[in-house]
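The values are calculated or read from the model by the stated rules, or taken from the named source; none is laboratory data. Just so it is clear, the structure is predicted and the values come from calculations on it, not from any experiment. Cβ placement follows ideal geometry from the backbone for every residue including glycine, while neighbour counts extend to all protein chains displayed. Remember, those area values only see protein heavy atoms, side chains included, never the ligands or the DNA or RNA. Shrake-Rupley method; radii C 1.70, N 1.55, O 1.52, S 1.80 Å.
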Amino acid sequence: MAEDETETGARGRPEDRAAPGPGRGHPIGRMFLIGTIASVIGVVLVLLIDWFPVGASAAADDVDLLYDVTLIVAVPIFVLVMAVAIYSVVRFRARPGDTRDGAPIHGNARLEVIWVAVPTLIVSVLAAYSWIVLDEIEAREPDSLQVSVRAQQFAWAFQYPQAGGRPIESEELVVPEGRQVNFSISAVDVIHSFWIPAFRIKQDAVPGIETETRAVPIRAGRYDVVCTELCGSGHSTMRQNVRVLPPPEFDRWLAAQRGAAGASQGAAARTEAGVPTGARTALRVAAHR
Ligand SMILES: [Cu+2]
């Protein structure tokens, strides 16, 4: 019991750790008060930050709202946990020479039920909400434009399938405003990830399988297409643009690509046909000598 006396002596202020002093409030009450004030400040701060680039697809508002709701739920939890941890470290730290252990902690069934049930509920609600948003923004529309995306170290290539003909190849991604684009994504070599931040869509490009994502561009302009899966030494250079055009301009662009493809195929056919003819002529000329 001599040890106990030493401990009490070393502590100096036993009331600090046991019962709350008059007029000072219970430590748990104070932690929650500090945590609540810090949470309000934290939530206001994160909502003031402009996290995203301009929203250029129909999904942007829904995704941004989902993100804000997640922040409003997550920030107070983080801030409250940190408030309790920091408060405890400062308020209940051991004074020099104090080597005692704290009081043994026994199970508290009610607390345990609460700290399992509350996080489970929060995560389930957020998961259900995310599911609903994802389901909505990925719903396929009947008149969607099909675009194949091919990823290769370290560039993107795009194909526009044509009914009854060869697909149009393009190194540039051009899409029409106001019409859903269905991207079929593949990879030639390693795993890449197709990301258009302004559209709020991201999908892995995996060798051997075809993945999909879709978006309805709603704002004409030029936006980044980014590879967001570390895919090799040139990963950071695997960036291109997507150009969103009003539908008539898009149609003109597609027609021009079709014309260019037709012209180059025609030229190739003429060259192939020309070689044997030229060779035959040369043989005939040689035979007459
Ligand atoms: Cu890549």
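Working ranking of peptides 118-125, 201-208 by packing, defined as the average number of other Cβ atoms within 10 Å per residue, highest first, is 201-208, 118-125. Label zone (I28, point 7 Å along Cα-to-C-beta; backbone nitrogen cut-off 13 Å) within region 91-125: 108-112, 114-115. Here's how it looks for Q180: its modeled amide H is under 5 Å from those of L145, which are all 5 or more places away or on a different chain.
Each residue of region 97-107 was assigned a 3J(HN,Hα) from its phi angle through the Karplus curve 6.51 cos²θ - 1.76 cosθ + 1.60 (θ = phi - 60°); the sequence is x, 8, 10, 6, 8, x, 5, x, 9, 9, x Hz, with glycine and proline shown as x.
Taken per residue, the accessible surface of region 145-269 reaches 47 Å², heavy atoms only and a 1.4 Å probe. Taking a ≥ b ≥ c as the square roots of the eigenvalues of the alpha-carbon gyration tensor, region 145-269 is classed oblate because a/c is 1.5 or more while a/b is no larger than b/c.
Here the extension length gained between D189 and A220 equals 7.9 nm, from 0.36 nm per residue of separation less the Cα-Cα distance. Loop-located chymotrypsin sites (Phe, Trp or Tyr not before Pro) in region 45-139 (DSSP state other than H, G, I, E, B) with a sparse environment of at most 16 neighbouring Cβ atoms within 10 Å: W51, F92. A full extension of the chain between I209 and R93 corresponds to an added length of 36.1 nm, given 0.36 nm per residue minus the alpha carbon distance. Atom-type composition of the exposed protein surface of region 53-180 places 65 percent of the accessible area on carbon and sulfur (1.4 angstrom probe). Maximal additional length on extending the D143-I77 stretch stands at 19.4 nm, based on 0.36 nm per residue less the C-alpha distance.
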